[in-house]
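K.L.:
Pasting in a structure now, in structure tokens, and then I'll have a few things to ask.
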Amino acid sequence: MDSIKIATFAGGCFWCTEAVFNEIKGVQKVVSGYTGGHIKNPAYREICTGRTGHAEGVQIFYDPNIVNYTDLLHIFFATHDPTTLNRQGNDVGSQYRSAIYYSDEIQKSIAEKFVNTLNESNIYDKPVVTEITQLGVFYDAEEYHQNYYKSHSQQPYCQVIINPKLRKLATEFSDKLKKEAV
């Protein structure tokens, strides 16, 4: 596991982001959790208030020999709306913000250049508001949040919100998937 790297992203509900990245070749595991806040050991019920400052995020453990950080950024930006501040669909609050939490200057530089390129190319109708912040402490979410989609794919939220993201992933990134289209 010496070659495994970690990327930390927040793209709204962590169930969605986790489900997307679990499908990518080279991703060893994805952990849902909380980061970017100001209290220690937050719980989901506290995160939901928006008062802890934490974002729902994921840590993606990946093999850079199979999938690189830039590939992960492409997937991240294609599978959530990076132009809405503190909101993803019906999920509203700072805990649902779009954010990249870098762990070193290389990740920071790549992320900043990526966002600048997105904004300069006018891919979106509005500017990208994704924050790029140094990673602090990442707290794993409660066990019932881990691999949520895998365990609850028939739930209405998964059917209505996550499945379209997975279909888009299969259409736009089929060469990056572990298996055939979802």
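The values are calculated or read from the model by the stated rules, or taken from the named source; none is laboratory data. Predicted, not measured: the structure shown is a model, and the values here were computed from it. Virtual Cβ from ideal backbone geometry, glycine too; neighbours counted across all protein chains shown.
K.L.:
Of the residues that make up region 76-92, is at least one closer than 27 Å to Q28 by Cβ, among the aliphatic types (A, V, I, L, M) and not in a loop (DSSP other than H, G, I, E, B)?
P.N.:
There is at least one residue in region 76-92 that is closer than 27 Å to Q28 by Cβ, among the aliphatic types (A, V, I, L, M) and not in a loop (DSSP other than H, G, I, E, B).
K.L.:
Is one or more of the residues making up region 34-55 closer than 17 Å to K5 by Cβ, of a type in the set (A, V, I, L, M, F, W, C) and touching a Phe, Trp or Tyr at 6+ places or on another chain (Cβ under 7 Å)?
P.N.:
no
K.L.:
Looking only at region 160-182, count every residue that is assigned to a helix (DSSP H, G or I) and either within 19 Å of G11 (Cα to Cα) or hydroxyl-bearing (S, T, Y) (or both) and tell me the total.
P.N.:
Here the count works out to 14.
K.L.:
Within region 1-21, restricting attention to residues that are assigned to a strand (DSSP E or B) and aliphatic (A, V, I, L, M), which residue is surrounded by the fewest Cβ atoms within 10 Å (Cβ to Cβ)?
P.N.:
I6
K.L.:
On to the next question. State the number of residues belonging to region 1-46 that are in contact with a helix residue (DSSP H, G or I) (Cβ under 9 Å, 6 or more places away or on another chain), more than 25 Å from S153 (Cβ to Cβ) and without any contact (Cβ under 8 Å) to a residue 60 or more places away in the chain.
P.N.:
Residues that pass the stated criteria total 2.
K.L.:
Of everything in region 87-105 that's among the polar types (S, T, N, Q) and surrounded by fewer than 16 Cβ atoms within 10 Å (Cβ to Cβ), which residue is modelled with the lowest pLDDT?
P.N.:
It comes out as N90.
K.L.:
Quick one: in region 50-64, which of the residues that are in a loop (DSSP other than H, G, I, E, B) and surrounded by 18 or more Cβ atoms within 10 Å (Cβ to Cβ) is farthest from the chain's Cα centre (by Cα)?
P.N.:
T52
K.L.:
Would you confirm, using the coordinates I've provided, whether T130 is closer than 29 Å to D63 by Cβ and among the β-branched types (V, I, T)?
P.N.:
yes
K.L.:
Select from region 129-159 the residues that are closer than 16 Å to N22 by Cβ and assigned to a strand (DSSP E or B) and list them in ascending order.
P.N.:
Within region 129-159, just D140 meets the criteria.
K.L.:
Taking only region 106-128 into account, find how many residues are surrounded by 13 or more Cβ atoms within 10 Å (Cβ to Cβ) and closer than 30 Å to I4 by Cβ.
P.N.:
9
K.L.:
So is V58 in contact with a Gly (Cβ under 8 Å, 6 or more places away or on another chain) and over 22 Å from V160 (Cβ atoms) or not?
P.N.:
So V58 fails the test.
K.L.:
Continuing with the same structure: Only one of I47, I24, I39 is among the hydrophobic types (A, V, I, L, M, F, W, C), buried (at least 16 other Cβ atoms within 10 Å of the Cβ) and over 15 Å from the mean Cα position of the chain (by Cα); which?
P.N.:
None of the others qualify; the one that does is I47.
K.L.:
Closer than 24 Å to H54 by Cα and in contact with a Gly (Cβ under 6 Å, 6 or more places away or on another chain): which single residue out of Y144, Y148, Y96 fits that description?
P.N.:
Step by step, each of Y144, Y148, Y96 is checked, and only Y96 is closer than 24 Å to H54 by Cα and in contact with a Gly (Cβ under 6 Å, 6 or more places away or on another chain).
K.L.:
V67: crowded, with 19+ Cβ neighbours inside 10 Å and either part of a strand (DSSP E or B) or acidic (D, E) (or both), yes or no?
P.N.:
no
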